[in-house]
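The values are calculated or read from the model by the stated rules, or taken from the named source; none is laboratory data. Predicted, not measured: the structure shown is a model, and the values here were computed from it. Cβ atoms come from the backbone with ideal geometry, glycine included; neighbour counts cover every protein chain shown. Surface accessibility is based on the protein's heavy atoms, side chains included, excluding ligands, DNA and RNA. Shrake-Rupley method; radii C 1.70, N 1.55, O 1.52, S 1.80 Å.
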Amino acid sequence: MKRIYFILACILLMQAASVRADDYETLHMEKIQNPMLWADVPDPDVIRVGDTYYLVSTTMHLMPGAPIMASKDLKNWETVGYIFDRLTDSPKYDLQNGTVYGRGQWATSLKYHNGKFYALLAPNEQGAMGDTYIFTAEKAEGPWTIVSRMRHFHDCSLFFDDDNRVYVIYGTGEMMELKPDLSDVIEGTHRQIFQREEDEKGILEGSRMIKHNGKYYLLMISHVYAPGKHRREVCYRADDIHGPYEKQVILESEFGGFSYEAQGTIVDTPDGDWYGIIFQDRGGVGRVLTVMPCRWINGWPMLGDENGKVPETVRPLIAGQRNCHIVKSDDFSASKLGLHWQWNHNPVSEAWSLNERPGYLRLKTNRIVSNLYLAPNTLTQRMEGPACSGSITIDIANMKDGDCAGLAAFNSDTGALVIKKKGKKLFLEMVEMSVALTDKDKEVTDYKEKVVECISLNPQLSILNSQLFLRIDADFHPVEGKRGRDVANFYYSLDGREWTQVGTTDYHLSFDWRRFFMGTKFGIFCYATKKTGGYVDIDAFDYKR
């Protein structure tokens, strides 16, 4: 009998150990793994309203613009709205008489004041195209309405003080007060609230102003070009918003085999803890977001772990939240386009549809262009690290002579799978593309295209079977030398099961701040080079991270 009891006790202990191990694994899996968002989500501003965190990021030439993302736990984020659908100050936003690649909406400031959301942004442009916009909304999801437009402020922070006076802090330590109704600045209120120090020969930008325990804190990125010093996040602190300000370096840390990171903000929890959310340049995938503890030490918001470094993992704020993501698969069965999609420049509304063939996204040609960079209605989603895969199912039965359609790893240097209609024949090409742009107007001055491999589709497809599957796999795993692998590989299939690699092996994905200033995107496209009227139907976009 004792032997039986001993065996039962052992079994119970083993079960208990197993449960504890499972619980540990569950808790371990719930941790936030840095990068918090391993995708192109630069220039963040983050606020908390109740138990929900809202984040806004830069998306420049993509429309709708200024995405609002929401999270309960700082781990699971999803896009819940956009501040504007399109910008209309110039035909360049429509890919005519120039482009806005690398321009458009930058570094939006997000605030919540007296029961309303406010956003301030300024496109990186000259003249009226660079006006600063102030928007407001009852809910972060929108709709957002324009309150005012005024002169350009670079990388600015909107700030509501406790006495209801309102300020905009911008550039390298400049500030102006706004009128109470936010309609414009109050003339004569310009101030230089601090002077750059001798060791800071690079720019100071990315202003984010908060108030904590009666003090004013201005967070900024500092580029220091001196031996032993790196890109870093600094904080200027004062008892009065007008100064005088004192400075402290609050983060100077490389992370994950990549460069030093900076620019972002800090945000509190309902329980009084604080976190920093800072971005890091990571090559072809773009500028990614990291989350880290913020510890108040001697009145300074010091970022990172106990050693001042960006940690690999951070505990989530709360457990049990549903998994959600900012990049998603789509079967195009909804009546509206999902918020995870953005168009390259303003879309042509009449040239795409979700209802002409229910369950499909129809992309119709409507303008004759010479290359992808001038083509309207390229639909995009971010790529994500450390690796991801995106594929489309495309019906090409209604393409016309000269039409080009397919799937791209879209950037200023692009690798793409392009289906081309030449006369009555169809071809699949793996193409390497590159664009040159003027600095001022971002006008396309040169386009280079290299066809790496061409496959005739006519023997393989028929009128009754006009469906093709295209796939791009991307790999951003870190390698030695403070960079990622940053490569893509391209595949096609006739049945969605057996895949054949085509074209370049390990096509290099690049990041060029002088042109797109953006991480690589999946791009679904259809454009005409000879005559309009053709179209393709996309049955699904399948995504795996």
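Observations on the model:
- Derived scalar couplings ³J(HN,Hα) [the range 517-522; Karplus, 6.51 cos²θ - 1.76 cosθ + 1.60; whole Hz; x for Gly, Pro]: 6, 8, x, 5, 10, 5
- Span from the the range 356-425 Cα centroid across to the the range 124-170 one, whole angstrom: 35
- Between the amide H of LYS31 and any residue lying 5 or more places away or on another chain, no distance stays under 5 Å, with hydrogens modeled in the peptide plane.
- Percent accessible area from carbon and sulfur atoms, the range 123-249, protein chains only, probe 1.4 Å: 48
- Cα gyration tensor of the range 323-366 - equivalent ellipsoid semi-axes, whole Å, descending: 20, 14, 7
- Taking all C-alpha pairs of the chain, those more than 32 Å from each other amount to 47 percent.
- Full extension of the chain segment joining LYS448 with HIS190 gains 88.2 nm, where the gain is 0.36 nm per residue of separation less the Cα-Cα distance.
- Estimated vicinal HN-Hα couplings, Hz - the range 306-311 in sequence order (Karplus 6.51, -1.76, 1.60; Gly, Pro = x): 5, 9, x, 10, 5, x
- Accessible area (Å², per residue) of the range 307-403, counting only protein heavy atoms and a probe of 1.4 Å: 40
- Cα centroid separation - the range 274-347 against the range 204-247, whole Å: 22
- Label zone of SER353 (point 7 Å out along Cα→Cβ, amide N under 19 Å): in the range 387-420 this covers 394-400.
- With the simple spin-label model, which puts each label point 7 Å out from Cα in the Cβ direction, the ALA397 to ASN114 separation comes to 5.9 nm.
- In this entry, the range 183-266 is assigned a mean projected area of 7.3 nm², taken as a quarter of its C-alpha convex hull surface.
- Shown in residue order for the range 216-231 are the 3J(HN,Hα) couplings computed by the Karplus curve 6.51 cos²θ - 1.76 cosθ + 1.60 at θ = phi - 60°: 9, 10, 10, 8, 8, 8, 10, 9, 10, 9, 8, x, x, 10, 9, 4 Hz (x for Gly and Pro).
- Under 5 Å from the amide H of HIS212 lie the amide H atoms of TYR217, each residue being 5 or more positions distant or on a separate chain, with H modelled from the backbone and absent for Pro and chain starts.
- Global geometry of the range 373-529, whether rounded, prolate or oblate, following the gyration tensor of its Cα atoms and the 1.5 cut on a/c: oblate
- For the chain: relative contact order, % (alpha-carbon pairs under 8 angstrom, 6 or more apart): 15
- For the peptides 272-280, 368-376, the ranking by packing is 272-280, 368-376, with the highest mean count of neighbouring Cβ atoms within 10 Å listed first.
- If you plug the beta carbon distance of LYS229 and ILE368 into 1/(1 + (r/R0)^6) with R0 = 41 Å, you get a FRET efficiency near 0.20.
- Only alpha carbons enter this Debye calculation for the range 327-435, each as an equal point scatterer, and the log10 of I(q)/I(0) it gives at q = 0.12, 0.17 Å⁻¹ is -0.44, -0.93.
- Mean Cα-pair separation over length for the range 167-217, i.e. relative contact order, pairs under 8 Å, 6 or more apart, %: 34
- Of the residues GLY127, CYS404, GLY188, the one whose Cα sits farthest towards the positive end of the charge dipole of the chain is CYS404 (charges of +1 on Lys and Arg Cβ, -1 on Asp and Glu Cβ, taken about the Cα centre).
- Based on Cα atoms of the range 38-144, Rg over Rh with Rh as the Kirkwood radius reads 0.98.
- For the range 438-530, carbon and sulfur atoms together expose 48% of the accessible surface, with a 1.4 angstrom probe and every protein chain in place.
- Dimensionless Rg over Rh [the range 446-527; C-alpha; Kirkwood]: 1.03
- Between ASN465 and ASN97, the C-beta separation translates, for a Förster distance of 51 Å, into a calculated FRET efficiency of about 0.75.
- Over the range 253-385, Cα pairs under 8 Å with separation of 6+ residues give a relative contact order of 16 percent.
- Packing-based ranking, highest mean first, of 90-98, 319-327 given that Cβ atoms within 10 Å are counted: 90-98, 319-327
- Probing with 1.4 Å while keeping every protein chain in the model, the per residue accessible area of the range 193-250 equals 44 Å².
- Per residue, the chain reaches -2000 deg cm²/dmol at 222 nm when only DSSP H runs of four or more residues are counted, each adding -39500 (n - 2.57).
- Cross-link pairs LYS400/LYS544; LYS440/LYS544; LYS201/LYS247; LYS75/LYS442; LYS422/LYS450; LYS92/LYS544 - those with Cα-Cα distance over 27 Å: LYS400/LYS544; LYS440/LYS544; LYS75/LYS442; LYS92/LYS544
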